[in-house]
Amino acid sequence: MQKRWVLKSKSEVKKVNQLGNELGINPVLAELLVSRNIETFDTSKQFFRPSLDQLHNPFLMQDMEKAIARITTAIGQNEKILIYGDYDVDGTTAVAVVYSFFREFHSRIEFYIPDRYAEGYGISTQGIDYAAENGFSLIIALDCGIKANDKVDYANSKNIDFIIGDHHLPGDELPKAFAVLDPKRKDCAYPYKELSGCGIGFKLIQAFIMKNDMSLDICYQFLDLVAVSIASDIVPITGENRILTHFGLIKLNTNPCCGLQALVDLSTNKTKTFTVNDIVFQIGPRINASGRIDHAKDAVKLLISKSLQEAKDFSINIDDQNNVRKDFDLRITEEALAIIDQNDSLKTRKSTVLYKSDWHKGVIGIVASRLTEKYYRPTIILTETNGHIAGSCRSVIGFDLYEALSECSDLLDQFGGHKYAAGLTMQIGNIKLFQDRFEEVVSKLITPQMLIQEILIDTKLNLQDIDAKFHRILSQFEPFGPQNESPIFLSQKVSLIGPAYLVGSNHLKMTIKQENSPSFDCIGFGLSEHIQAINSGKPFDICYSIEENVWRGKKNLQLNIKGIRY
């Protein structure tokens with residue numbers, strides 16, 4: 001697929017040069033720092049040397065004092081407490097952290113995860129009824145609840161108090177809960193607004209520990225789970241999240257909780273150091289599979305396991321569910337691609353909206369993402385569930401999916417989400433009308449540029465500048481993730497050393513150099529179509545990230561090629 005190369009605007013030269021001189025680093029590295037709003041020696045030191053002391057005081061969060069007071073009362077009066085969370089990775093890790101902590105101080109505590117299919121997302125009436133029928137007087141909701149006004153009212157009518165710990169954007173009116181913890185509240189002065197749902201849970205136990213003069217080391221033992229939530233929920237890895245992820249990865253790689261150790265043991269790269277990417281592709285999907293295929297309470301049972309053997313028993317079931325998820329994913333993706341391949345009008349549309357009644361609801365979001373990658377246009381995958389049509393929607397950079405769905409709202413029973421991902425329900429009779437309307441709206445709003453995937457390049461770089469010191473400093477930019485992405489560099493007029501060759505089915509391997517530079521090994525995943533042009537001997541431009549490759553115990557720097565042009 002053709003891709004646009006977009007070079008980021010350069011930062012102010014004076015700032016870059018001044019910072020580069022103060023730190024004694026290559027101007028390219030100084031440019032990367034300034035582009036991340038790191039412009040002084042002190043902020044650079046905090047960036048390169050994260051410390052748990054830099055974490056914010058949890059009592060800066062609105063309602064934290066009230067939340068801790070209510071929990072303290074509940075424990076003191078031996079009330080039953082229910083820890084309630086969403087069924088995805090963020091929700092299940094949040095429940096695991098808060099439940100595991102408070103069960104050490106309070107025996108009358110349980111957790112509750114709603115069924116994805118029977119109850120849907122967020123606080124459910126069934127969950128509140130369960131609490132009422134079983135004598136719970138306090139529910140701590142994590143990663144959900146910020147817009148559950150009617151459900152909280154219902155709980156209040158049954159004399160059940162709610163503490164909401166959420167990180168999503170509130171509505172115009174907050175729920176009438178006993179306490180609402182959400183940095184995105186308009187009246188919340190908490191300095192960092194982008195915590196995960198599990199991060200909110202972590203701040204809750206941090207506050208309880210501080211209020212009771214306990215050692216903060218007790219909450220730090222949960223940092224591996226917090227890092228898994230941050231990576232899997234794709235929240236920005238900046239500020240406090242970057243500190244939590246940095247130390248969470250250390251915990252994950254040295255002394256993970258039993259549940260995560262069992263998942264690491266199942267992964268394909270258990271012998272190497274885990275990164276954010278490894279969480280996203282190895283750990284997160286397994287935890288998510290539980291809620292997609294069966295029930296997410298299985299994931300929580302795994303994550304709260306007290307022994308490795310217990311965790312391994314749960315992890316086998318989780319892995320089986322993930323294998324089922326992969327089978328569904330593969331089959332449905334193949335069926336969806338075949339539908340498009342066999343229909344010329346679908347190939348030329350600006351959008352993709354596909355429906356099949358037997359597609360599994362738990363994986364249609366994954367399939368929508370795969371088709372968006374393949375055809376790079378707004379995509380909606382629909383299936384039938386409980387007598388109505390459910391859909392999962394994904395967009396492309398720059399196109400507001402939520403706005404487009406709003407223009408089709410008369411055909412939908414309900415929809416929700418944000419600019420790039422959403423969900424919807426409709427009546428079966430509206431499918432064809434919706435397909436045509438959505439295509440009409442997308443065609444009106446989308447620009448030709450939006451339909452071409454872009455590679456966002458940080459800066460130009462001469463290959464001769466890449467040495468051990470450069471890479472050592474660059475590696476300290478990790479952990480990489482949203483708003484702190486692994487930098488993409490542009491090097492022009494590079495030349496091939498020896499022939500390029502293919503590995504696997506469509507990956508490109510080669511060795512290159514620039515004038516006066518050392519040579520570098522390169523890997524280009526999915527770039528096999530370039531082999532003939534490259535082997536013709538003409539110079540070419542590359543955009544790439546720099547990584548350390550380990551092969552048979554030997555380490556060397558490798559360029560991971562993202563694009564090639566002539």
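For the range 315-356, the set of residues classified as assigned to a helix (DSSP H, G or I) and among the basic types (K, R) consists of R325, K326, R331, K347, listed by residue number. Within the range 269-276, one or more residues are of a type outside the set (K, R), part of a helix (DSSP H, G or I) and under 20 Å from the mean Cα position of the chain (by Cα).
Tell me whether the range 483-491 contains one or more residues that are in contact with a Leu (Cβ under 8 Å, 6 or more places away or on another chain), assigned by TED's automatic domain parsing to the domain that holds E31, under 30 Å from A227 (Cα atoms) and assigned to a strand (DSSP E or B). The answer is yes, given that some residue of the range 483-491 is in contact with a Leu (Cβ under 8 Å, 6 or more places away or on another chain), assigned by TED's automatic domain parsing to the domain that holds E31, under 30 Å from A227 (Cα atoms) and assigned to a strand (DSSP E or B). Of all the residues in the range 385-399, those that are under 28 Å from K3 (Cβ atoms) and of a type in the set (S, T, N, Q) number 2.
For every residue, the table says whether it meets (1) part of a loop (DSSP other than H, G, I, E, B); (2) out of contact with any helix residue (DSSP H, G or I) (no Cβ under 9 Å at 6 or more places or on another chain); (3) assigned by TED's automatic domain parsing to the domain that holds H418; (4) modelled with pLDDT of 95 or more.
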| position | (1), (2), (3), (4) |
| --- | --- |
| K151 | no, no, no, yes |
| I163 | no, no, no, yes |
| H168 | yes, no, no, no |
| L174 | yes, no, no, yes |
| I209 | no, no, no, yes |
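Within the range 202-218, which residues are in contact with a Leu (Cβ under 9 Å, 6 or more places away or on another chain) and free of Cβ contacts under 8 Å to residues at least 40 places away in the same chain? Result: I209, single match. Among all positions in the range 301-310, there is at least one residue which is of a type in the set (V, I, T), outside any helix (DSSP H, G or I) and outside the structural domain of R394 (by TED's automatic domain parsing). Applying a threshold of 6 Å to beta carbon distances and a minimum spacing of six or more residues, or different chains, the list of pairs starting in the range 424-435 at a residue that is in the same structural domain as L405 (by TED's automatic domain parsing) and surrounded by 16 or more Cβ atoms within 10 Å (Cβ to Cβ) and ending at one that is part of a strand (DSSP E or B) and among the aliphatic types (A, V, I, L, M) reads T425/A390; M426/I389; Q435/V353. Of everything listed in (1) surrounded by fewer than 22 Cβ atoms within 10 Å (Cβ to Cβ); (2) touching a Phe, Trp or Tyr at 6+ places or on another chain (Cβ under 6 Å), the single unmet condition for A141 is (1). Just one of the listed residues (Y87, Y99) is in contact (Cβ under 8 Å) with a residue 60 or more places away in the chain, in a loop (DSSP other than H, G, I, E, B) and in the same structural domain as D298 (by TED's automatic domain parsing), and it is Y87.
Here are D327, D319: which of them is surrounded by 14 or more Cβ atoms within 10 Å (Cβ to Cβ) and among the acidic types (D, E)?
Working: D327 fails: surrounded by 14 or more Cβ atoms within 10 Å (Cβ to Cβ).
Every option except D319 fails the conditions.
Looking across the range 6-33, the residues that are more than 25 Å from the chain's Cα centre (by Cα), under 21 Å from K469 (Cα atoms), of a type outside the set (D, E) and not in a loop (DSSP other than H, G, I, E, B) come down to V16, N17, Q18, L19, G20, N21, L23, P27, V28, L29, A30. Suppose the filter is assigned to a strand (DSSP E or B), touching a helix residue (DSSP H, G or I) at 6+ places or on another chain (Cβ under 8 Å), surrounded by 13 or more Cβ atoms within 10 Å (Cβ to Cβ) and not assigned by TED's automatic domain parsing to the domain that holds T275; does L508 pass it? Yes, satisfied.
The values are calculated or read from the model by the stated rules, or taken from the named source; none is laboratory data. It should be emphasised that the depicted structure is a prediction, and the values quoted were computed from it without experimental measurement. Neighbour counts run over all protein chains shown; Cβ positions are idealised from the backbone, glycine included.
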